[in-house]
1. Restrict the check to the range 33-42 and report whether at least one residue is farther than 26 Å from ASP91 by Cα, outside any helix (DSSP H, G or I) and out of contact with any Ser or Thr (no Cβ under 9 Å at 6 or more places or on another chain).
2. Could you grab me the full set of residues in the range 59-113 that are assigned to a helix (DSSP H, G or I) and in the same structural domain as ASN20 (by TED's automatic domain parsing)?
3. Looking at (1) more than 26 Å from ASP14 (Cα to Cα); (2) in contact with a Lys or Arg (Cβ under 9 Å, 6 or more places away or on another chain); (3) not polar (S, T, N, Q), which one does VAL100 not meet, given that it meets all the others?
4. Provide a single number: the residues in the range 6-32 that are touching a residue at least 40 places away in the same chain (Cβ under 8 Å) and either among the small types (Gly, Ala, Ser) or more than 29 Å from VAL94 (Cβ to Cβ) (or both).
5. How many residues does the range 43-58 hold that are over 22 Å from the mean Cα position of the chain (by Cα), assigned to a helix (DSSP H, G or I) and hydrophobic (A, V, I, L, M, F, W, C)?
6. May I ask you to verify whether MET6 is buried (at least 16 other Cβ atoms within 10 Å of the Cβ) and aliphatic (A, V, I, L, M)?
7. Only one of these is among the acidic types (Asp, Glu) and under 21 Å from LEU97 (Cβ atoms): GLU38, GLU53. Name it.
8. Which of the residues spanning the range 25-78 are among the basic types (Lys, Arg) and either under 22 Å from ALA9 (Cβ atoms) or surrounded by 10 or more Cβ atoms within 10 Å (Cβ to Cβ) (or both)?
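The values are calculated or read from the model by the stated rules, or taken from the named source; none is laboratory data. All figures in this text were calculated on a predicted structure; none of them were measured in a lab. Here Cβ is always computed from backbone atoms with ideal geometry, including for glycine, and neighbour counts include all displayed protein chains.
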Amino acid sequence: GDLFYMPPALRLQDTKNRQNSLVQELGKDTNKMWGAMEDAYLASQKAYDKLMEMGVAKEVARFVLPQATYTRLYVTGNARSFIHYCDVRDDQGVAQLEHVELARAIRRVFASVCPTIADAVWA
């Protein structure tokens with residue numbers, strides 16, 4: 001699978017809301033962004049592989065990896081916390097897009113595990 005997150009489109013900083021960004025139409029600038037990101041990702045992966053070959057500890061070698069490196073994460077919480085997170089972060093145009101996407105994914109999982117509560121809260 002993919003090792004790094006690649007944004008689906010170029011986004012510009014919203015000048016009114018620092019947590020929001022403005023999606024731009026796909027075009028030349030998006031392709032330039034993807035190219036620059038891919039170059040950085042490949043360079044960081046090469047550096048990581050070299051450090052691993054040297055026997056450097058994984059927790060030290062991973063410092064060269066970008067913030068966009070996919071990570072498997074396990075989360076625990078209670079119903080109230082998941083509901084609150086989803087309610088606060090599923091607000092496109094206000095919350096950061098990646099938080100909106102995560103909140104929607106959490107809501108789907110929550111609804112599959114706790115359908116009665118989800119229906120009572122979000123129906």
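1. No, the conditions are met nowhere in the range 33-42.
2. Across the range 59-113, the qualifying residues are GLU59, VAL60, ALA61, ARG62, PHE63, VAL64.
3. All conditions are met except number (1).
4. Within the range 6-32, residues that are touching a residue at least 40 places away in the same chain (Cβ under 8 Å) and either among the small types (Gly, Ala, Ser) or more than 29 Å from VAL94 (Cβ to Cβ) (or both) number 1.
5. The number of residues fulfilling the criteria is 3.
6. It is false that MET6 is buried (at least 16 other Cβ atoms within 10 Å of the Cβ) and aliphatic (A, V, I, L, M).
7. Answer to the check: GLU38.
8. LYS28, LYS32, LYS46, LYS50, ARG62
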